[in-house]
Amino acid sequence: MDMHTVVVGTSGTTAEDVVAVARHGARVELSAAAVDALAAARLIVDALAAKPEPVYGVSTGFGALASRHISHELRAQLQRNIVRSHAAGMGPRVEREVVRALMFLRLKTVASGHTGVRPEVAQTMADLLNAGITPVVHEYGSLGCSGDLAPLSHCALTLMGEGDAEGPDGTVRPAGELLAAHGIAPVELAEKEGLALLNGTDGMLGMLVMALADLKNLYTSADITAALSLEALLGTDKVLAPELHAIRPHPGQGASADNMLRVLAGSGLTGHHQDDAPRVQDAYSVRCAPQVNGAGRDTLDYAAVVAGRELASSVDNPVVLPDGRVESNGNFHGAPVAYVLDFLAIVAADLGSICERRTDRLLDKNRSHGLPPFLADDAGVDSGLMIAQYTQAALVSEMKRLAVPASADSIPSSAMQEDHVSMGWSAARKLRTAVDNLARIVAVELYAATRAVELRAAEGLAPAPASQAAVAALRAAGAEGPGPDRFLAPDLAAADTFVREGRLVAAVEPVTGPLA
């Protein structure tokens, strides 16, 4: 476990801190300022709770039941009941890192001092994270409007010592047993606290932050594989010249072109042809790689801006304002996050599509400019990478289905009180699948391109030093080079892990310098 400590203050958090807590087990501490803000906001809530006038979330029911005033003696039961009734998720468990991000981001909002939650509740949330206790959260249950209600409710249920959770050893046990084993007392929720623990975009935001980290690696990796494919196809690197991209100044396009140019520096393959008729232009999938990859990069940058704003937000309803008011609002609606989650699924699908087109070109003897059919050792006896491309094509087809926006949908709930929802949780869940698939697609192109580059090298044409570094590192990772047919799935799995873990980028950067 990483002993790095993330301090949660009143002004939000960073994407880096989310990843550190969710994926790397960083410890969490509340700042003194956060504890003070929590206590000050709680004084306001307690004062309102003592008044006879109903205040939403403090002394009323919730959603379509907000018209009922709740007496003092029933309010603790009200808070317990909202958690128990809203913990209504179904389906498979979601990943541990998603639940940890969800919990941490809810703590981030609670620590802002705008929710009215007591300091001891916030501390218990931090204690759960630090103990490695992960509530069981299910795939289905959030419409992404009044927060990720069911997922957050399952987390709040664990705070109460109820339901099931996973311990640090990976075993699922009753939450009460896990809390007792770690010396953590279950919380007794007071006015507003149950509602405050449920109203947030934390699940979809956590998945957005982690997807951005993964996609940054995959876009750089795809620039590298595009360069390797260009090289293997004896393409021209003249289209990557900075002056050409300066006259269409999209930042991502320029960054991708520069990455490719760095990878191809010193290549003895670019611009060569197997006959005397020079190719005037390469195919779009080769020539336009910076334009496609770059547009995706720019979309990532926009999504990162939205994520940054959300990470600095206090998402709850109602909220406690510094002047003592407790006001209802619609800030829990997930539309801003849902839209960019869908945008990212679209650009991931298109990046996967262009990768597959280059792979197919490498394998087609009519378009590969002298490479053997399917990069086979003895075509006919050997099938080479024929079916690896089938697998890649199947993944690309799935990516297109995953690119259909979830945020364009809405389904009313809560007796039409919540009559327009974001579906942001659904957008986040399908994006996670898309990111996984994109890593596999890039890995297949890498595997094909490195084999093709090695076949060119056997003909006496020297690949770029960065290409040679990529080939050597991939082979050392267990993905073998050209030769007779063999069981291919382990090689593809090794290439997938190599790409997914950022080792492709790490292999070439000692030669190229830092890539964008």
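The values are calculated or read from the model by the stated rules, or taken from the named source; none is laboratory data. Model, not experiment: these values are computed from the prediction. As a convention, Cβ positions derive from the backbone with ideal geometry for all residues, glycine included, and neighbour counts pool all protein chains shown. These accessible areas exclude ligands, DNA and RNA; they are computed on the full protein's heavy atoms, side chains included. Shrake-Rupley method; radii C 1.70, N 1.55, O 1.52, S 1.80 Å.
Values as computed for the structure displayed
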| read-out | value |
| --- | --- |
| All positions within the range 244-253 that are under 27 Å from the mean Cα position of the chain (by Cα) and part of a helix (DSSP H, G or I) | 251, 252, 253 |
| Qualifying position, being over 26 Å from residue 150 (Cβ atoms), part of a helix (DSSP H, G or I), in contact (Cβ under 8 Å) with a residue 60 or more places away in the chain and not acidic (Asp, Glu), among 431, 455 | 455 |
| Sole residue being open to solvent by 60 Å² or more (accessible area, probe 1.4 Å) and more than 18 Å from residue 195 (Cβ to Cβ), chosen from 96, 80, 84, 68 | 96 |
| Residue 180 being more than 30 Å from residue 70 (Cβ to Cβ), open to solvent by 10 Å² or more (accessible area, probe 1.4 Å), aliphatic (A, V, I, L, M) and in contact with a Ser or Thr (Cβ under 8 Å, 6 or more places away or on another chain) | no |
| Criterion (open to solvent by less than 20 Å² (accessible area, probe 1.4 Å) and closer than 13 Å to residue 193 by Cβ) met by exactly one of 152, 129 | 152 |
| Positions within the range 475-513 being open to solvent by 20 Å² or more (accessible area, probe 1.4 Å), without any contact (Cβ under 8 Å) to a residue 60 or more places away in the chain, over 27 Å from residue 210 (Cβ atoms) and not in a helix (DSSP H, G or I), in sequence order | 480, 486, 487 |
| Count - residues of the range 307-333 that are open to solvent by 10 Å² or more (accessible area, probe 1.4 Å), touching a residue at least 60 places away in the same chain (Cβ under 8 Å) and in a helix (DSSP H, G or I) | 2 |
| Residue in the range 419-426 that is at pLDDT below 95 and open to solvent by 60 Å² or more (accessible area, probe 1.4 Å) present | yes |
| Residue 256 vs. criteria within 25 Å of residue 514 (Cβ to Cβ) and not in a helix (DSSP H, G or I) | no |
| Any hit, the range 241-253, residues being closer than 23 Å to residue 212 by Cα, buried (at least 19 other Cβ atoms within 10 Å of the Cβ) and at pLDDT 95 or above | yes |
| Conditions (1) open to solvent by 10 Å² or more (accessible area, probe 1.4 Å); (2) in a loop (DSSP other than H, G, I, E, B); number of the one not met by residue 120 | (2) |
| Checking residue 411 against (1) part of a helix (DSSP H, G or I); (2) open to solvent by 30 Å² or more (accessible area, probe 1.4 Å); (3) more than 22 Å from residue 296 (Cα to Cα), the condition it does not meet | (1) |
| Which numbered condition residue 26 fails, given (1) in contact (Cβ under 8 Å) with a residue 40 or more places away in the chain; (2) closer than 17 Å to residue 123 by Cα; (3) surrounded by 17 or more Cβ atoms within 10 Å (Cβ to Cβ); (4) within 22 Å of the chain's Cα centre (by Cα) | (1) |
| Tally, over the range 141-168, of residues that are part of a helix (DSSP H, G or I), modelled with pLDDT of 95 or more and within 23 Å of the chain's Cα centre (by Cα) | 6 |
| Residue in the range 197-205 that is touching a Ser or Thr at 6+ places or on another chain (Cβ under 9 Å), small (Gly, Ala, Ser) and within 30 Å of residue 77 (Cα to Cα) present | yes |
| Test result for residue 49, out of contact with any Phe, Trp or Tyr (no Cβ under 7 Å at 6 or more places or on another chain), farther than 16 Å from residue 126 by Cα and open to solvent by 30 Å² or more (accessible area, probe 1.4 Å) | no |
| Pairs, first β-branched (Val, Ile, Thr) in the range 152-172, second surrounded by fewer than 19 Cβ atoms within 10 Å (Cβ to Cβ) and not in a loop (DSSP other than H, G, I, E, B), C-beta under 7 Å, six or more apart | 172/164 |
| Residue satisfying all of: in the range 122-170; touching a strand residue (DSSP E or B) at 6+ places or on another chain (Cβ under 6 Å) and charged (D, E, K, R); farthest from residue 28 (Cα to Cα) among these | 139 |
| Verdict on residue 268 being farther than 30 Å from residue 40 by Cβ, assigned to a helix (DSSP H, G or I) and among the small types (Gly, Ala, Ser) | no |
| Test: residue 342 is within 20 Å of residue 421 (Cα to Cα), of a type in the set (Asp, Glu) and at pLDDT 95 or above | yes |
| Those residues of the range 375-388 which are in a helix (DSSP H, G or I) and either touching a His at 6+ places or on another chain (Cβ under 6 Å) or buried (at least 21 other Cβ atoms within 10 Å of the Cβ) (or both), in sequence order | 375, 388 |
| Any hit, the range 357-373, residues being open to solvent by less than 50 Å² (accessible area, probe 1.4 Å), part of a helix (DSSP H, G or I), touching a helix residue (DSSP H, G or I) at 6+ places or on another chain (Cβ under 8 Å) and on the phi > 0 side of the Ramachandran plot | no |
| Of all residues making up the range 98-145, the number that are under 17 Å from residue 204 (Cα atoms) and small (Gly, Ala, Ser) | 4 |
| Residue check for residue 472: more than 24 Å from residue 270 (Cβ to Cβ), assigned to a helix (DSSP H, G or I) and open to solvent by 30 Å² or more (accessible area, probe 1.4 Å) | no |
| Lone qualifier among 15, 32, 50 - being hydrophobic (A, V, I, L, M, F, W, C) and in contact (Cβ under 8 Å) with a residue 12 or more places away in the chain | 15 |
